[in-house]
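The values are calculated or read from the model by the stated rules, or taken from the named source; none is laboratory data. Note that the structure is a prediction, hence the values are computed from the model and not measured. In this analysis, Cβ positions are derived from the backbone assuming ideal geometry, glycine residues included, and neighbour counts consider all displayed protein chains. For accessibility, only protein heavy atoms count, side chains too; no ligands or nucleic acids. Shrake-Rupley method; radii C 1.70, N 1.55, O 1.52, S 1.80 Å.
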Protein chains: 2
Amino acid sequence: MMAKKEGFVKQITSRDVDFSKWYTDVCLKAELCDYSSVKGCMVLRPTGTALWERIREVVDGRLKKTGHENVLMPMFLPESLLLKEAEHVEGFAPEVAWVTHGGDNELQERLAVRPTSEVLFCEHFKKIIHSYRDLPVLYNQWVSVVRWEKNTRPFLRTTEFFWQEGHTCHVDYEDADKEARMILDMYVEVCRDILAIPVVSGVKSESEKFAGADKTYTNETLMYDGKALQITTSHNLGDNFGKAFEITYSDKEGKEQYVNTTSWAITTRAIGGMIMVHSDDRGLVLPPRMAPTQVMIIPIAQHKDGVLDVAFELRDKLSKDMTVKVDDSEKQPGWKFSDAEMKGYPIRLEIGPKDIEAGHIVAVRRDTLEKITLPLDDNLNTALSELLESIHNDMFKRAKDRQKEKTKMAQTKEEFAAMVEAGGFVIAPWDGTEAVEDLVKEETGATTRCLSFDYIDADLSGVKDLWTGKDAKYMMHWAKAY
Amino acid sequence: MMAKKEGFVKQITSRDVDFSKWYTDVCLKAELCDYSSVKGCMVLRPTGTALWERIREVVDGRLKKTGHENVLMPMFLPESLLLKEAEHVEGFAPEVAWVTHGGDNELQERLAVRPTSEVLFCEHFKKIIHSYRDLPVLYNQWVSVVRWEKNTRPFLRTTEFFWQEGHTCHVDYEDADKEARMILDMYVEVCRDILAIPVVSGVKSESEKFAGADKTYTNETLMYDGKALQITTSHNLGDNFGKAFEITYSDKEGKEQYVNTTSWAITTRAIGGMIMVHSDDRGLVLPPRMAPTQVMIIPIAQHKDGVLDVAFELRDKLSKDMTVKVDDSEKQPGWKFSDAEMKGYPIRLEIGPKDIEAGHIVAVRRDTLEKITLPLDDNLNTALSELLESIHNDMFKRAKDRQKEKTKMAQTKEEFAAMVEAGGFVIAPWDGTEAVEDLVKEETGATTRCLSFDYIDADLSGVKDLWTGKDAKYMMHWAKAY
């Protein structure tokens, strides 16, 4: 029996052959999601939903600890409300789904299904904020939003997607900026500590920033195929929305001031990123702190006396410290091994009559497929807890090492083009003009991903933009991106 | 200072003068919700959202313990999909919000914003169910739905509202029925143990049942004004949807069978019910197990040395066993007392220099306004935990006593009409015809609320329908209802 799992039967496209097809295969075969009858909208199946609920649990806990409160705004907003902030409406109008009828009646004013809720929050803020004593207001909501997309892919880009959207109001620009940065850091920690994903944190260029923002902060990360993904963002909106919606407060001197606002989000896209960073040709690989089931017990020769009993006893014992299930279906162990690999459980435990007799079990790490024989004794909970920790740390390290390896510094535009073609981040000096961004995108497909905080104070005296030869303004991270 | 709170200043309409106005006043002044710019859609403010999150936490925990899994379906469904089950579409078509445009493009087929998701679940069930081994499928989702309503009221009837909707598939009618009943009982417990609301459980009449259901189970409860509210429902849909969507499985003999399905929900409406059962002319009264903040500490003469220190120490100490806040705003204690009453915190603690010197505090129960002096010692956590328990039990008992008192048995149709007019449940024998339901509604405004399980096996031999004199088929609960 034990030999069976060596005979690895490829169930999905290889990620080195067709990354895009591999990705969709993993999403569907690991049963994270399914297509629905509405183009671009997916069904989140139990495991996909549990992954999102896990992100929600972690982020919500951190937000509440830092004084944020949840609210729930309507999913609709009148067209006239969306029109109030010019840049914002321009950014979103092309992708809005419009409700025009309620029952048989045509609406007097059509309603947008929220593509984001800045304007709804602003309308409410105007009603509840009067004095500096009312500030800051730190709100958040967990909802879905809709953007009419032409090309959709599970998790990465769907017409409807789930997110948390934070919206806060502050006395001034600096306080808003502090909030936006604090949230960005919180996202860095969630990526590192839960998703096992390393990120490059920094600032978006003018052309890549959020519609209506003063400053967009971003966490960017590399996928297995070398393309970048913006995994979370946080915006300092300055007083743009404060002014457009006339949200004012009287300061300590009784003077009316505009509020400064922020907004920020993590979305179901982060699940797509997690898949593309960690998974492999056998299927999903879940970081242990994300996995709804951390350990899958697979009984060998389960029809034999006592095997299932030991499996269930083991489950009950381990459940104190981790999430555990037993695969007691009528399938063959070989099938169950493949299924466990496809579903990405961090550890599978194989236990059969011989193991029971010998007083041990075989633990198989999903990330490395390494087999470890462990004694079936009182130390097992600790041993497996430590193994889960190691898996998390190793997954993070591998992703970080790969990101480091795939991050290069270009000295010429030819070198830049070759590096972009090879995949990964390319760091290169840039004069800060949109003309160069357009040119680079046209020629190489790369866009500015962020001005990393590591380079924000770099001394660029004498450094020239690779394309124009003019003085460089920023040492920028570039990449092809999702 | 202490005298101030006696001087109760009426901030809202009295519930005995104008119940409807009182209700809206409580919702708005206790800051549970606010109006939005979309008619019929409300903003759930932090406390309103926390109440919904509390219901979610409790119900979700119970569903997971009974093997249910969460999923997330798209918020849109194509018109053609909605049209598949005739009764169902007839029930919902008049209240559907229609999306007709994505960006600037008119859609080929318009999309309904889900009024409920039976059809989406069915479409998915058809794809994932093949064998009896796949059954039961026990799914649930936490989302909002939209029904275009003419007359809306916060929580009770809003165009968009939040709910959990459970959808399950079973091998046969009996198994589906067991599920529907089990869920109904779970709702009874949540109402009793968390919301402190007693219910009458039973079956809906044919005319009042859910569109597409075989059988609708319901929990009905009485509001302070004597009108009934359907607080939760659970439907056995039989094989209606199984047949309409061709969801089949092969049974143990390899024969194709239609699945039987159920659906069930608790909505933000339950929060409206909670308000209308428990609150009073001073504002909201929150059952302790629902309250986001169970204890509000109000410092007296907080500018005096040490008062705030003691208040915060007390908060930290109590926080181990309950949720506690300190109102250290710059307002006067009298204002804070009224505010605490309006917001409905189950207990407020008053603590000033004299109390500290005497080594005690004053606890005021929100439900009875009773003042209790308690020693500031190590026993305080236990004393307050017990007080919270008493408040819950007393609130439930008062609601139950009132419901009992307002439930009458009518012997004649004149008596029936008078009882309905006076408010409350009226139990009366009914021949089971829709003609009588129509007549009674026309004449008295009452509708059949449910056939209570207490009367489902009642011996009705010789008992006659009050209106037709024909043999009674059911001993029915009637009432005017929300």
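Quick one: in the range B:466-476, which of the residues that are part of a loop (DSSP other than H, G, I, E, B) and over 23 Å from B:GLY423 (Cβ atoms) is least open to solvent (accessible area, probe 1.4 Å)? My answer is B:ALA472.
Here B:ALA86 meets the list (1) closer than 20 Å to B:PHE161 by Cβ; (2) more than 10 Å from chain A (Cβ to nearest Cβ); (3) not aromatic (Phe, Trp, Tyr) almost entirely, failing just condition (1). For A:LEU135, the criteria (1) within 11 Å of chain B (Cβ to nearest Cβ); (2) open to solvent by 20 Å² or more (accessible area, probe 1.4 Å); (3) hydrophobic (A, V, I, L, M, F, W, C) hold in every case but one, which is (1). B:LYS227 falls short on exactly one of the conditions (1) buried (at least 20 other Cβ atoms within 10 Å of the Cβ); (2) within 28 Å of B:VAL58 (Cα to Cα), and that condition is (1).
Do we have B:ASP175 as acidic (Asp, Glu), modelled with pLDDT of 95 or more and more than 17 Å from B:VAL203 (Cα to Cα) here? Answer is yes for this residue. Can you tell me which residues in the range B:76-133 are in a helix (DSSP H, G or I) and among the β-branched types (Val, Ile, Thr)? Residues satisfying the conditions are B:VAL89, B:VAL119, B:ILE128. Somewhere in the range B:72-90, is a residue in contact with a Gly (Cβ under 7 Å, 6 or more places away or on another chain) and at pLDDT 95 or above? No: zero hits.
Scanning the range B:89-110 for residues that are of a type in the set (Gly, Ala, Ser) and within 10 Å of chain A (Cβ to nearest Cβ), which turns out farthest from the chain's Cα centre (by Cα)? Steps first, answer last, please.
Residues of the range B:89-110 that are of a type in the set (Gly, Ala, Ser), as a first pass: B:91, B:93, B:97, B:102-103.
Subset that is within 10 Å of chain A (Cβ to nearest Cβ): B:93, B:97, B:102-103.
Numbers: B:ALA93: 25, B:ALA97: 24, B:GLY102: 35, B:GLY103: 37 Å.
Among those that are of a type in the set (Gly, Ala, Ser) and within 10 Å of chain A (Cβ to nearest Cβ), it is B:GLY103.
Please determine whether any residue of the range B:150-167 is farther than 19 Å from B:THR261 by Cα, basic (Lys, Arg) and without any contact (Cβ under 8 Å) to a residue 24 or more places away in the chain. Yes.
How many residues, within the range B:436-459, are surrounded by 16 or more Cβ atoms within 10 Å (Cβ to Cβ) and either under 20 Å from B:GLU421 (Cα atoms) or among the hydrophobic types (A, V, I, L, M, F, W, C) (or both)?
The total comes to 10.
Looking only at the range B:366-389, filter to residues that are in a helix (DSSP H, G or I) and open to solvent by less than 50 Å² (accessible area, probe 1.4 Å); which one of those is nearest to B:GLY352 (Cα to Cα)? Across the range B:366-389, the extreme among qualifying residues is B:LEU380.
Check whether at least one residue in the range B:33-43 is among the β-branched types (Val, Ile, Thr) and in contact with a strand residue (DSSP E or B) (Cβ under 7 Å, 6 or more places away or on another chain), and report yes or no. Within the range B:33-43 (the criterion being among the β-branched types (Val, Ile, Thr) and in contact with a strand residue (DSSP E or B) (Cβ under 7 Å, 6 or more places away or on another chain)), the answer is yes, since at least one residue qualifies.
Of all residues in the range B:111-132, which are open to solvent by 40 Å² or more (accessible area, probe 1.4 Å) and at the interface with chain A (Cβ under 8 Å from one of its Cβ atoms)? Result: B:GLU123, B:LYS127. Please work out if A:LYS413 is open to solvent by 50 Å² or more (accessible area, probe 1.4 Å) and over 29 Å from the mean Cα position of the chain (by Cα). For A:LYS413, the condition - open to solvent by 50 Å² or more (accessible area, probe 1.4 Å) and over 29 Å from the mean Cα position of the chain (by Cα) - is met.
In the set (1) in contact with a Lys or Arg (Cβ under 8 Å, 6 or more places away or on another chain); (2) touching a residue at least 12 places away in the same chain (Cβ under 8 Å), B:THR100 fails one condition alone, (2).
Taking the numbered list (1) in contact (Cβ under 8 Å) with a residue 40 or more places away in the chain; (2) more than 9 Å from chain B (Cβ to nearest Cβ); (3) in a strand (DSSP E or B); (4) open to solvent by less than 10 Å² (accessible area, probe 1.4 Å) in turn, A:VAL145 passes all entries but (1). Here B:VAL426 clears all of (1) of a type in the set (A, V, I, L, M); (2) under 25 Å from B:VAL188 (Cβ atoms); (3) surrounded by fewer than 22 Cβ atoms within 10 Å (Cβ to Cβ) except the condition numbered (3).
Confirm whether B:GLU160 is closer than 30 Å to A:GLY103 by Cβ and within 14 Å of chain A (Cβ to nearest Cβ). Please lay out each step first, then the result.
On the way: closer than 30 Å to A:GLY103 by Cβ: yes; within 14 Å of chain A (Cβ to nearest Cβ): yes.
For B:GLU160, the condition - closer than 30 Å to A:GLY103 by Cβ and within 14 Å of chain A (Cβ to nearest Cβ) - is met.
Using the structure shown, decide if A:VAL26 is closer than 29 Å to B:LEU138 by Cα, in the same structural domain as A:GLU246 (by the TED database), at pLDDT 90 or above and not in a loop (DSSP other than H, G, I, E, B). Yes; evaluated as a whole, the condition is true for this residue. All of A:GLY445, A:GLY424, A:GLY432 fail the test of being in contact with a Leu (Cβ under 8 Å, 6 or more places away or on another chain), more than 24 Å from A:GLN294 (Cβ to Cβ) and outside the structural domain of A:ALA301 (by the TED database), apart from A:GLY424.
Selection of the range A:159-198 for residues being more than 30 Å from B:VAL71 (Cβ to Cβ), open to solvent by less than 20 Å² (accessible area, probe 1.4 Å) and not β-branched (Val, Ile, Thr) yields A:CYS169, A:HIS170, A:ALA176, A:GLU179, A:ALA180, A:LEU184, A:PRO198. Search the range B:58-75 for residues being of a type outside the set (D, E, K, R) and in a strand (DSSP E or B), and hand back the single one that is surrounded by the most Cβ atoms within 10 Å (Cβ to Cβ). So the residue we want is B:LEU72. Across the range A:199-224, the qualifying residues are those that are among the aliphatic types (A, V, I, L, M) and either assigned to a loop (DSSP other than H, G, I, E, B) or open to solvent by 30 Å² or more (accessible area, probe 1.4 Å) (or both), and the one among them that is modelled with the lowest pLDDT is A:ALA211. I'd like the full set of residues that are of a type in the set (Val, Ile, Thr) and either surrounded by fewer than 18 Cβ atoms within 10 Å (Cβ to Cβ) or more than 9 Å from chain B (Cβ to nearest Cβ) (or both), limited to the range A:13-46. Scanning the range A:13-46 gives A:THR13, A:VAL17, A:THR24, A:VAL26.
Out of B:ASP193, B:ASP185, B:ASP177, one residue alone is within 27 Å of B:GLU246 (Cβ to Cβ), out of contact with any Asp or Glu (no Cβ under 7 Å at 6 or more places or on another chain) and away from every other protein chain (no Cβ under 14 Å). It is B:ASP177. How about the range A:306-342: which of its residues are among the basic types (Lys, Arg) and either open to solvent by 60 Å² or more (accessible area, probe 1.4 Å) or free of Cβ contacts under 8 Å to residues at least 24 places away in the same chain (or both)? Residues satisfying the conditions are A:ARG315, A:LYS317, A:LYS320, A:LYS325, A:LYS331.
Of the residues that make up the range B:434-450, is at least one within 28 Å of the chain's Cα centre (by Cα), more than 26 Å from B:LYS209 (Cα to Cα) and in a helix (DSSP H, G or I)? No: the range B:434-450 contains no residue that is within 28 Å of the chain's Cα centre (by Cα), more than 26 Å from B:LYS209 (Cα to Cα) and in a helix (DSSP H, G or I). The number of residues in the range B:103-131 being of a type outside the set (Asp, Glu), in contact (Cβ under 8 Å) with a residue 12 or more places away in the chain and farther than 21 Å from A:LYS150 by Cβ comes to 16.
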